[in-house]
2 protein chains.
Amino acid sequence: MKAVVLLSGGLDSTVCMAVAKEQGFELLPLSFNYHQRHNRELACARNVADYYKVKRHLVIETNMEAIGGSALTDNSITVPQGDIARPDIPSTYVPARNLIFLSYALGYAEVNRAEKIFIGVNALDYSGYPDCRPEFINLFQQVANYSTKAATQEGQEISVVTPLLHLTKREIVQLGSRLGAPLELTTSCYQGGDAACGTCDSCLLRLKGFAEAGISDPILYSSTRSE
Amino acid sequence: MKAVVLLSGGLDSTVCMAVAKEQGFELLPLSFNYHQRHNRELACARNVADYYKVKRHLVIETNMEAIGGSALTDNSITVPQGDIARPDIPSTYVPARNLIFLSYALGYAEVNRAEKIFIGVNALDYSGYPDCRPEFINLFQQVANYSTKAATQEGQEISVVTPLLHLTKREIVQLGSRLGAPLELTTSCYQGGDAACGTCDSCLLRLKGFAEAGISDPILYSSTRSE
């Protein structure tokens, strides 16, 4: 029983690894080097994969930054600071990223006869990206069922599992902590320094989650704002 | 008015370029170097893009072959020869390939504010791949409408256009010829030699199309079978 786990090296995907592990799946972590602003994330993904002693950690290399249009892949666009309540989709949105990631995961799951794809999307405490919503996941599942040889010829459908979809960041931290996920190996910061910045959207969401869970965040921050 | 065109360098995608051009779109061709068995295809794509004097031809580099499972990316799997009537999905199927290609195209279209994505899938004279069927395209369109910032926030949906979906290979050859598509710059062969092999599935379909159209195929073959 195998599961492909989309592993970014962040908090959410690492908690997903822990959930898939607890459910007894052999873990097939899949990460992407898409020339994101920093490679710290990928280093974290490698450490998390090592922690779980996986047989193989597949890293897809792709020049996705050539598409442009995101603060996460284009150094000329500024990463927004500390405004997680605004209504629009922020500049850190990477066009079609989750669709691209899930598509690779589907092919990888098919080749390895994995039954599930775990993805740590979250529809509550998130940055407002369209491709994190439940409707998106449901529609992806439908197209997936028409895409593969496995589903078409052998009736073996591959399900997308989203264990964090309806959890708050507090609940995600609590779940990860309960399952012994190596949260100390993760990063969430968009800036990617040796220490997390503590002020970008992603750091703010993470810090809020740990604070509300009453758990101390084990990673290093260069600065934190009091709320 | 812009259109992303998925351009493999084969007959079908080149006819798609011609259709998009005739409809007055500024062409944004998108190709993939996915470590396919041979790079001849990509060279053809570059020549076709040059022919149409496009501003930019984006080539996405990706180690998709690391996923495995296809004769087109894995040299240890043999390319099947001359059996286009068999019922199963052949070993040249690349898991989730069209889903991955369309996902990148969607992101590229979004960033460039293109209205359309042209893809040369065909549901008649094709190799039986699941991700060439109309249901697949319809479902992709639905997930696309939930994926992008453009559709979600600005109501600007990006449509997937499939001008060849219900054409026979004969009709595709005739259409390309009528529109002046540079068919002499294309390749269809799975083997990727300097001359097309004339015996793989893809060569057989192409040769049948030209023969039925009563048009001489302008590319070089190393051998051809009489039907």
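The values are calculated or read from the model by the stated rules, or taken from the named source; none is laboratory data. The structure displayed is predicted, hence computed values, not measured ones. FYI the Cβ positions are ideal-geometry reconstructions off the backbone, even for glycines, and counts take in every protein chain you see.
If you scan region A:180-215, which residues turn out to be part of a loop (DSSP other than H, G, I, E, B) and closer than 14 Å to A:Arg170 by Cβ? Walk me through it before giving the result.
Residues of region A:180-215 that are part of a loop (DSSP other than H, G, I, E, B), as a first pass: A:180-182, A:186-195, A:197-199, A:214-215.
Hits for region A:180-215 are A:Gly214, A:Ile215.
Mind listing whichever residues of region B:13-64 are of a type in the set (Lys, Arg) and either more than 26 Å from B:Leu220 (Cα to Cα) or crowded, with 21+ Cβ neighbours inside 10 Å (or both)?
Answer for region B:13-64, where residues must be of a type in the set (Lys, Arg) and either more than 26 Å from B:Leu220 (Cα to Cα) or crowded, with 21+ Cβ neighbours inside 10 Å (or both): B:Lys21, B:Lys55, B:Arg56.
Given B:Leu185, B:Leu167, B:Leu207, which one is over 25 Å from A:Ser147 (Cβ atoms), in contact (Cβ under 8 Å) with a residue 12 or more places away in the chain and crowded, with 20+ Cβ neighbours inside 10 Å?
Matching residue, one of B:Leu185, B:Leu167, B:Leu207: B:Leu207.
If you go through region B:141-164 one residue at a time, how many are of a type outside the set (D, E, K, R), without any contact (Cβ under 8 Å) to a residue 24 or more places away in the chain and within 11 Å of chain A (Cβ to nearest Cβ)?
Step one: list which residues in region B:141-164 are of a type outside the set (D, E, K, R), which gives B:141-148, B:150-153, B:155-156, B:158-164.
In the following step, the residues that additionally are without any contact (Cβ under 8 Å) to a residue 24 or more places away in the chain were identified as B:141-143, B:145-146, B:151-153, B:155.
From the residues that got through so far, the ones that are within 11 Å of chain A (Cβ to nearest Cβ) too are B:141-143, B:145-146, B:151-153.
Of the residues in that region, 8 qualify.
Would you point out the residue of region B:190-202, among those that are touching a strand residue (DSSP E or B) at 6+ places or on another chain (Cβ under 7 Å), hydrophobic (A, V, I, L, M, F, W, C) and farther than 20 Å from B:Pro130 by Cα, that is modelled with the lowest pLDDT?
If we take residues in region B:190-202 being touching a strand residue (DSSP E or B) at 6+ places or on another chain (Cβ under 7 Å), hydrophobic (A, V, I, L, M, F, W, C) and farther than 20 Å from B:Pro130 by Cα, then B:Ala195 is modelled with the lowest pLDDT.
Just to verify a result, which residue in region B:124-181, among those that are hydroxyl-bearing (Ser, Thr, Tyr) and modelled with pLDDT under 95, is farthest from B:Phe101 (Cα to Cα)?
Taking region B:124-181 first, the residues hydroxyl-bearing (Ser, Thr, Tyr) are B:126-127, B:129, B:146-148, B:152, B:159, B:162, B:168, B:177.
From the residues that got through so far, the ones that are modelled with pLDDT under 95 too are B:126-127, B:129, B:146-148, B:152, B:168.
On the way: B:Tyr126: 18, B:Ser127: 18, B:Tyr129: 14, B:Tyr146: 17, B:Ser147: 15, B:Thr148: 16, B:Thr152: 21, B:Thr168: 23 Å.
The residue in question is B:Thr168.
Does region B:188-196 include one or more residues that are under 19 Å from A:Ser147 (Cβ atoms) and away from chain A (no Cβ under 14 Å)?
No: zero hits.
What are the residues in region B:122-140 that are assigned to a loop (DSSP other than H, G, I, E, B) and either within 7 Å of chain A (Cβ to nearest Cβ) or free of Cβ contacts under 8 Å to residues at least 60 places away in the same chain (or both), if any?
Within region B:122-140, B:Ala123, B:Leu124, B:Gly128, B:Tyr129, B:Arg133 qualify.
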